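A short write-up of the structure that comes next.
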Amino acid sequence: SVPSLKREMRNLSEECNLEPVTVSMAYVYFEKLVLQGKLNKQNRKLCAGACVLLAAKISSDLRKHEVKHLIDKLEERFRFNRRDLIGFEFTVLVALELALYLPENQVLPHYRRLTQQS
């Protein structure tokens with residue numbers, strides 16, 4: 001389900017010390033895919049993983065080994081193959097029409113919820 005996947009995304013992001021704003025961006029990407037009807041049973045974990053990876057790359061200054069660590073964690077948590085994840089990253093980019101920089105009003109509601117929870 002979407003809520004449990006979002007919980008996984010948050011837990012994983014916290015383990016990898018990603019900022020709440022990064023998680024918030026990943027949520028927005030993910031919700032856009034849901035609204036576009038792109039999610040199915042086969043790809044939803046890949047969707048979630050790709051959203052976290054893209055958000056981490058765009059919003060923070062992850063160094064190469066940190067990106068690798070994040071991919072390892074995603075692979076382990078969501079039980080998919082990194083090759084599939086990397087391929088899917090492009091699929092998600094296209095679905096989001098390359099619009100990775102999000103307007104603040106899309107990110108803020110998630111950010112507020114996340115920072116109030118912790």
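The values are calculated or read from the model by the stated rules, or taken from the named source; none is laboratory data. Computed from a prediction, not measured in an experiment: that's the story for all the values here. Virtual Cβ from ideal backbone geometry, glycine too; neighbours counted across all protein chains shown.
Between 81, 105, the distinction of being of a type in the set (S, T, N, Q), more than 17 Å from residue 5 (Cβ to Cβ), modelled with pLDDT of 85 or more and exposed (fewer than 13 other Cβ atoms within 10 Å of the Cβ) belongs to 81 only. Filtering region 33-54 to residues that are within 14 Å of residue 5 (Cβ to Cβ), of a type in the set (A, V, I, L, M, F, W, C) and at pLDDT 85 or above leaves 33, 34, 46, 47, 48, 50, 51, 52. Look at residue 68 and say whether it is charged (D, E, K, R) and surrounded by 15 or more Cβ atoms within 10 Å (Cβ to Cβ). In short, no. When 33, 46, 12 are screened for being farther than 27 Å from residue 115 by Cβ and among the aliphatic types (A, V, I, L, M), only 46 passes.
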